[in-house]
Amino acid sequence: MEQASPVPVDVADVTVLVDTFVDVLLASTEPARRAPLAYEWSEQDQLRAEHGFALLLAVQRGGKTQSILYDAGLGRDTAVHNMDVLEIRPTDLRAVVLSHGHADHHTGLEGMFRRLGRPGMPLVLHPDAWRDRRIVFPTGTEIHMPPPSRADLAAEGVEVVEERGPSLLLEGTVLVSGQTERVTDFEKGFPFQDARTDDGWEPDPWIWDDQSVIVNVRGKGLVVLSSCSHSGAINVLRNAQRVTGVTKIHAFVGGLHLTGGLFEPIIPQTITELVAIGP
């Protein structure tokens, strides 16, 4: 396995731009800060929730702050809208990372790149993110999971960077994991998924394009960002430890994809392993 150790940072700040749930009445807690509720809140635009995901990661080192976007949600303007509500102006945004090729993580890319208006912005993804996929549920229901549009990205002047292995961004402070090694015997990917080939559909349960983002906060340890954790939450964290050579996990932020009859049976074992890792 390739190794790549990120340069330690002084501060890592994560802003949730798109999630499946929003509660405007929820108070801030340590260490989570939530958007303040204005007196005339009903007359203002509010945050939107959807079946999608996007994070903004800002790192600070030596007084210099830089940021990346990790996914862009499902709606074409949800992430942009929520940035406006939060009054975020990503002037220090240097790159975008796509966790994997599912539509609820990439459909908002075009609107985001158009808003940024910066030709040449790097988009880091795994080559398998281009696979055309479908999900076939046990009920027989099928849903299409189209990949990102190469044409739309090219039209916005995006610099696509395809990497299977780990790669470093922001002067070596942010690590994109690349393909995640699978070592557990209970995390088995997404068995309902197929991918299109020249010969038709074939099983594609492992979602090899699933990748996390990792930073090493000085004096604290690794902060690991994951989107759906299709690799399995424990595989994601163990992979971060192996790739960086750092064993201490300070925080794990993102989604676990442990709902429904297929995944709920592995919740107890996942919790046991998480407690052992100790983020």
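The values are calculated or read from the model by the stated rules, or taken from the named source; none is laboratory data. Computed from a prediction, not measured in an experiment: that's the story for all the values here. Methodologically, a virtual Cβ is constructed for each residue, glycine included, from the backbone with ideal geometry; neighbour enumeration extends over all protein chains shown.
Figures for the structure shown
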item: Residue that is surrounded by the fewest Cβ atoms within 10 Å (Cβ to Cβ) [pool: residues in the range 184-214 that are in a loop (DSSP other than H, G, I, E, B) and in contact with a helix residue (DSSP H, G or I) (Cβ under 6 Å, 6 or more places away or on another chain)]; result: Phe186
item: Unmet requirement for Thr259, which otherwise passes all of (1) farther than 19 Å from Pro127 by Cβ; (2) surrounded by 15 or more Cβ atoms within 10 Å (Cβ to Cβ); result: (2)
item: Subset of the range 66-84 [hydrophobic (A, V, I, L, M, F, W, C), closer than 27 Å to Val9 by Cβ and touching a residue at least 40 places away in the same chain (Cβ under 8 Å)]; result: Ile68, Leu69, Ala72, Ala79, Met83
item: Pick from the range 63-79, criterion part of a loop (DSSP other than H, G, I, E, B) and out of contact with any strand residue (DSSP E or B) (no Cβ under 9 Å at 6 or more places or on another chain), ranking: surrounded by the fewest Cβ atoms within 10 Å (Cβ to Cβ); result: Gly63
item: Failed item in (1) at pLDDT below 95; (2) assigned to a loop (DSSP other than H, G, I, E, B); (3) in contact with a Gly (Cβ under 9 Å, 6 or more places away or on another chain); (4) within 30 Å of Asp45 (Cα to Cα), with Thr91 passing the rest; result: (3)
item: Gln241 vs. criteria buried (at least 16 other Cβ atoms within 10 Å of the Cβ), out of contact with any Lys or Arg (no Cβ under 6 Å at 6 or more places or on another chain), at negative phi and without any contact (Cβ under 8 Å) to a residue 60 or more places away in the chain; result: yes
item: Evaluation of Ser42 against (1) surrounded by fewer than 18 Cβ atoms within 10 Å (Cβ to Cβ); (2) within 21 Å of the chain's Cα centre (by Cα); (3) assigned to a helix (DSSP H, G or I); (4) not charged (D, E, K, R) (one fails), failing number; result: (2)
item: In the range 122-157, residue surrounded by the fewest Cβ atoms within 10 Å (Cβ to Cβ) [restricted to those that are small (Gly, Ala, Ser) and part of a helix (DSSP H, G or I)]; result: Ala151
item: Of all residues in the range 229-258 being closer than 22 Å to Ala32 by Cβ and assigned to a loop (DSSP other than H, G, I, E, B), the one that is farthest from the chain's Cα centre (by Cα); result: Lys248
item: Pair list, Cβ under 9 Å, 6 or more apart: the range 130-144 residue farther than 14 Å from Trp206 by Cα, other residue charged (D, E, K, R) and assigned to a loop (DSSP other than H, G, I, E, B); result: Trp130/Asp209; His144/Asp132
item: Among the candidates Leu258, Leu274, Leu262, residue that is under 21 Å from Ile135 (Cα atoms), in contact with a helix residue (DSSP H, G or I) (Cβ under 9 Å, 6 or more places away or on another chain) and aliphatic (A, V, I, L, M); result: Leu258
item: Test result for Thr173, in contact with a Lys or Arg (Cβ under 7 Å, 6 or more places away or on another chain), surrounded by 15 or more Cβ atoms within 10 Å (Cβ to Cβ) and over 18 Å from Ala72 (Cβ atoms); result: yes
item: Meets criteria (at pLDDT 95 or above, surrounded by 17 or more Cβ atoms within 10 Å (Cβ to Cβ) and under 23 Å from Cys228 (Cα atoms)) for His51; result: no
item: Breaking point among (1) touching a Gly at 6+ places or on another chain (Cβ under 6 Å); (2) modelled with pLDDT under 90; (3) of a type outside the set (Ser, Thr, Tyr), for Ala4; result: (1)
item: Any hit, the range 18-37, residues being under 18 Å from Ser227 (Cβ atoms), modelled with pLDDT of 95 or more, in a strand (DSSP E or B) and touching a Phe, Trp or Tyr at 6+ places or on another chain (Cβ under 8 Å); result: yes
